[in-house]
Amino acid sequence: MSNFMESHHIPMVVTSTQQPKGEDIFEGNVVSDVFKLSNWGGAYVTVTKLAGTVGTATFGVEACDDNVPTTSPALTGGWWFRYQTTPDVFSAWELEADATTAITAGANSIWEFYIPSSILEGAASQLNYGWCRFTLTETESTAVDGGVHLLLVDPKVAQSIPATVIA
């Protein structure tokens, strides 16, 4: 058996105050809590769109110098994404080169984003930033029901009870 049970962590970085009851998930924009990525190999963010075929948003990532954050520059690409095209078929993974990824219209779809921890070490202004957060900025305001989840993977030190990543 692989050590999957000790090699991932699912912190709740989008709470009911940010996304009440899974209704209109992009309303008012979503800014996740700041989470510590430096002790993990990467983070998967899953956006599940259920009812609501029109509403859209953009996904972005900010490097954070601490858990407040005091400084949080938006990153210009460097994460990967793919999306569901039918219930069990996904597009190929694409490397995002721009500041945001557009989540297009369509109900009953899943968008996956992979943020490698190395992204925080990219530019001089982000060197040694161990924290980050993601944003979902509404671009078309028709309600979309669904949910957003974060999955941290590849810990630098696997633990049966992972250390907290949210301060």
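All of the numbers you see were taken from the coordinates with simple rules; none came from a lab. What you see is a predicted model; the values in this text were computed from it and never measured. Quick reminder, even Gly has a Cβ in these numbers, built from the backbone with ideal geometry, and neighbours come from all protein chains shown.
Only one residue in Glu6, Glu23, Glu62 is in contact (Cβ under 8 Å) with a residue 60 or more places away in the chain and over 18 Å from Leu136 (Cα atoms). Which one?
Values: Glu23 fails: over 18 Å from Leu136 (Cα atoms); Glu62 fails: over 18 Å from Leu136 (Cα atoms).
When all the criteria are applied, what remains is Glu6.
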Here are the criteria: (1) over 13 Å from Leu37 (Cβ atoms); (2) without any contact (Cβ under 8 Å) to a residue 40 or more places away in the chain. Tell me which single one Ile110 does not satisfy. (2)
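If you check Ala63, Ala51, Ala102, which single one turns out to be closer than 15 Å to Phe26 by Cβ and assigned to a strand (DSSP E or B)? Walk me through it before giving the result.
Values: Ala63 fails: closer than 15 Å to Phe26 by Cβ; Ala51 fails: assigned to a strand (DSSP E or B).
Of the residues listed, the single one that is closer than 15 Å to Phe26 by Cβ and assigned to a strand (DSSP E or B) is Ala102.
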Top-ranked residue in the range 86-106 [being touching a residue at least 24 places away in the same chain (Cβ under 8 Å) and under 15 Å from Thr46 (Cα atoms); ranked as surrounded by the most Cβ atoms within 10 Å (Cβ to Cβ)]: Ile103
